[in-house]
């Protein structure tokens, strides 16, 4: 079964010896600067929810000391700087094809 955002967060958290409560306290919401709830983290780790923003993905990367690019990949999204780059359709198709080739 392929790795998911949630399974990666869960595995990395456990590998680093961090509790759900501790990790949740490290992930600050952009809108109010308050930490996410342990229940929200639990839902993410159980693949019941996805991170709701680029900011949350970046916060997980920082807290777990992992590359945000991989987290964006697992979350099935691209960071805002890439989404807003205005890439042409043909360029995007070529990049996806190159990526598919490189992962086989």
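Derivation of every value follows stated rules applied to the coordinates shown; laboratory data play no part. The shown structure was predicted, so the numbers you read here are calculated from the model rather than taken from an experiment. Positions of Cβ are generated from backbone atoms using ideal geometry, with glycine treated the same way; all protein chains shown enter the neighbour counts.
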Using only the alpha carbons of the chain, determine the length spanned along each of the three principal axes and report them from longest to shortest in whole angstroms.
-> 44, 33, 23
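Compare the peptides 13-25, 76-88 by average per-residue count of other Cβ atoms within 10 angstrom and give them in order, highest first. The partial results should precede the final answer.
Values: 13-25: 14.8, 76-88: 11.4.
The densest-packed peptide leads the list: 13-25, 76-88.
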For segment 1-53 and segment 72-104, what is the separation of their Cα centres, given in Å?
-> 25
Can you put 66, 93 in order, fewest other beta carbons within 10 Å first?
-> 93, 66
Residue separation times 0.36 nm, minus the C-alpha to C-alpha distance between residue 30 and residue 104: what's the value?
-> 22.9 nm
Most mobile listed residue (32, 54, 90) in the chain, GNM with C-alpha springs under 10 Å = 90
